[in-house]
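Note sheet for the following structure.
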Amino acid sequence: MKTDYTPDTSKSKIYEALIDQYTSIESDDPLGSDMVLNFGPQHPATHGVLRLLLRLDGERIIGCVPEVGYLHRGYEKLAENMTYHEYIPHTDRLDYLSPLANNMAYALAVERLAGIEVPPRAQYIRTICSELARISSHLMATGSMAMDVGALTVLLWTFREREKLYDIFEVLTGARFTTSYSRIGGVAQDLTADVEKMIHEFLDYLPEAIHECERLLNRNRIFVERCDGIGIINGDDAIAYGLTGPNLRGSGVGRDLRRDRPYFVYPELDFDVITHEGGDSLARYYVRLDEMYESVKIVRQCLDKIPEGEIHANKPKKVLPRKERVYTRMEEMIHDFMLVNFGIDPPAGEVYSAVENPKGELGFYIQSKGGGVPWRLKIRSPSFVNIHALPHMLKGVMVSDVVAVIGSLDPVMGEADK
Amino acid sequence: MIAQRAVEKLREQFNDVVHEVIEFREQLLVRIETSSIREVCQFLRDDEELKFDMAIDVLGADRLVPVDNPTMHGYVNDPFDRELRSKQEHIPADERFEVIYVLYSNMNNEYIRLKVRVAEEGQRVPSVVAVWKSADCAEREVYDMFGIEFEGHPDLRRIYMPEYFEHYPLRKDFPLMGIPGSLPLPDKQ
């Protein structure tokens, strides 16, 4: 039996959108050099399942329509059907290159909704985790961007560093990728002296390793010429398109939520917001590179300042009790039962909470009607918005440079598709 | 707080557009008359003092409480239910959906959130794509998930779901497990 779905591209709406959008009298095609190229979704340089429909004039791109949704798993619908605690593992799968940062962002959003104040030690641990996640994500971004334009060595080197970082995550959280480390009102386990030592060793080593990669790329003529002046977006356009994170700072706009809307312990720390003026792929690469050095600075300060104390807020009706107490005390057992089965019951209301993630501004908009589950949970994912600035950045670019632009935007489809 | 100043200015500038101002956790949520959302957004962006130059997000929400859908809320016998859900508010059909705009001002480093209410059928929300380009993909997402249409959007297509999909998955009356047969699979060879 034939079903009624048609894989015929020439009739699909995305094709029509591309043709309608960019057809005018001037671009009528007397030479017959007009061509439509389908890029992705199965393409190594799209970093996942991003599909672009490109309209070419010879080798130049005159139009582009991005298509997302190949990894759509309906996380917003799922969130409406599970308690706030149950949702934490799902945040790992949003931006799967920095799951720790997502965990922290989500916990912060729920805490803002429920009015929970997290003790300072947990705040410091969260800051450390966010910054380590930033380093790991930027290492990956730098390596894969270099690979996209032909420098394979850098990817292997940054992967090696990221591996060390994941060893630390394994000891700290118990998992390498899907960490699920945050809890509403704190973090899952304490930061032990062993982990502190491992982080210190890593931090001592990392700047030299980044510098090695820099030596391979910064004065590498092939890399620089493939990225310089490609995919330019100026500051005003970047703001209008809603770019955030390193992509916006690569256009010379110093917007960083860590400084502008402080959360965790960022106000107590000393760090710079990196901006570069170029607005092209090379500038975005430099922003990521320099941000790694800043993250090293931040983690060092956190490790110096981190106080002793509790890692869970003292709010038994909202925060999961420690396991050993659940097994030995009546009160904690009741709370555990209630929290696991019925949720944390925050007041009715709506909050928007955003943090500066490695990819940009990750926001959670939570509508609560009370009770254990969110009424509506919206994820504002940076990659989703960044991808939709591609048509602007790709206009007039050669078709072989598309990979250099996508690589510099550093999209993660897990997050863009939700 | 610049968001409060924005509300004052809106009240001065426009007649009867601000329906409601809700403050929760030090965040301001302003309910606006649906038909004038575009002018309000234009004003908030262009005003020298406010300058909300980024539309961080545009999102939809459904207010419908389905009575006979057990999959909707698995926590029917919720002990927190108290009187909250037992006297369920009746949602009139002409105010069923909400569209929420999260705006950010780079000059003042502050957020403001606007909200409009939309009828279940027939009402179109003025599009703000002409004000912020970032609203383009966000409004398409709202259309895809809730079926809310935007007046003046240049390219209102589905964004996540396939083109031939007929339902709106984030509506509260759409079941969690999906509707059987709504996503046809290719034939087995």
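Quick notes on this one:
- FRET efficiency, A:LEU78 to B:ARG11 (Cβ-Cβ, R0 51 Å, nearest 0.05): 0.80
- Zone of B:PHE165's modelled label, taken as backbone nitrogen in the stretch A:396-418 under 14 Å from a point 7 Å along Cα→Cβ: A:417-418
- Gap separating the Cα centres of the stretch B:1-32 and the stretch A:240-263, nearest whole Å: 26 Å
- Entries of A:LYS318/A:LYS418; A:LYS315/B:LYS115; B:LYS51/B:LYS115; A:LYS13/B:LYS9; A:LYS77/A:LYS197; A:LYS315/A:LYS369 with Cα pairs more than 30 Å apart: A:LYS315/B:LYS115; A:LYS13/B:LYS9; A:LYS77/A:LYS197
- Chain B: angle of helix B:37-46 to the longest principal axis, Cα-based, in degrees nearest 10: 40 degrees
- Placing a label point 7 Å from the Cα of A:MET398 along the Cα-to-Cβ direction, the residues of the stretch A:214-250 whose backbone N falls under 16 Å of that point are A:221-232.
- Inter-probe distance in nm under a simple model that places probes 7 Å from Cα toward Cβ, at A:ARG325 and B:ASP46: 5.8 nm
- For the protein assembly as shown, the mean residue ellipticity at 222 nm estimated from helices alone is -12000 deg cm²/dmol, where every DSSP H run of n ≥ 4 contributes -39500 (n - 2.57) and the total is divided by all residues, rounded to the nearest 500.
- Counting only alpha carbon atoms, the long axis of helix B:135-146 and the longest principal axis of chain B meet at about 30°.
- Amide H contacts of B:LEU28 (H built 1.01 Å from N, under 5 Å, at least 5 apart or other chain): B:ARG113
- When the trypsin sites (Lys or Arg not before Pro) in the stretch A:114-203 are filtered for DSSP coil states and for at most 16 other beta-carbon atoms within 10 Å of their beta-carbon, the remaining sites are A:ARG176.
- Nearest-0.05 FRET efficiency for B:ARG25 and A:ALA175, computed from C-beta distance (R0 30 Å): 0.40
- Taking label points 7 Å from Cα along the Cα-to-Cβ direction, A:ASP236 and A:GLN42 give a separation of 4.5 nm.
- Cα-projected label distance for A:GLU308 with B:ARG124, points at 7 Å along beta-carbon direction, nm: 6.7 nm
- Euclidean distance between Cα centres, the stretch A:72-89 to the stretch B:156-170, Å: 20 Å
- Peptide A:365-373 has a mean shielding of 5, counted as Cβ atoms of other protein chains within 10 Å of each residue's Cβ.
- For the stretch B:113-155 and the stretch A:197-226, distance of Cα centres in Å: 44 Å
- The order of the peptides B:49-60, A:405-416, B:117-128 by mean Cβ neighbours within 10 Å, most packed first, is A:405-416, B:49-60, B:117-128.
- A dipole drawn for the stretch A:75-417 from +1 and -1 charges on Cβ atoms has a positive end, and of A:HIS200, A:PHE271, A:TYR365 the residue lying farthest that way is A:TYR365.
- With θ taken as phi - 60° and the Karplus curve 6.51 cos²θ - 1.76 cosθ + 1.60 applied, the whole-hertz 3J(HN,Hα) list for the stretch A:140-147 is 4, 5, 4, x, 6, 5, 5, 5 Hz, x standing for glycine and proline.
- Calculated from backbone phi, Karplus (6.51, -1.76, 1.60) coupling profile of the stretch A:283-294 in Hz, x at Gly/Pro: 4, 5, 5, 5, 4, 5, 4, 5, 5, 5, 4, 5
- Derived scalar couplings between HN and Hα for the stretch B:54-65 equal 10, 9, 5, 7, 10, 9, x, 8, 10, 9, 5, 10 Hz in order, rounded to whole Hz, by the Karplus curve 6.51 cos²θ - 1.76 cosθ + 1.60 (θ = phi - 60°), x for Gly and Pro.
- Averaged over peptide A:237-245, the number of partner chain Cβ atoms lying within 10 Å of each residue's Cβ comes to 5.
- A:ARG60 long-range amide H proximity, modeled H, under 5 Å: none
- Residues with amide H under 5 Å from that of A:ARG183, placed H, sequence gap 5 or more: A:ALA188
- Efficiency of FRET between B:MET107 and B:ASP187 - r from beta-carbon atoms, R0 60 angstrom, step 0.05: 0.55
- Shape call, chain B: gyration tensor on alpha carbons, a/c limit 1.5: oblate
Rule-based calculations on the coordinates, nothing more; no lab input. As the structure is a prediction and not an experimental result, all values here were calculated from the model. With ideal geometry, Cβ positions are generated from the backbone for all residues, glycine too; neighbour counts draw on all protein chains shown.
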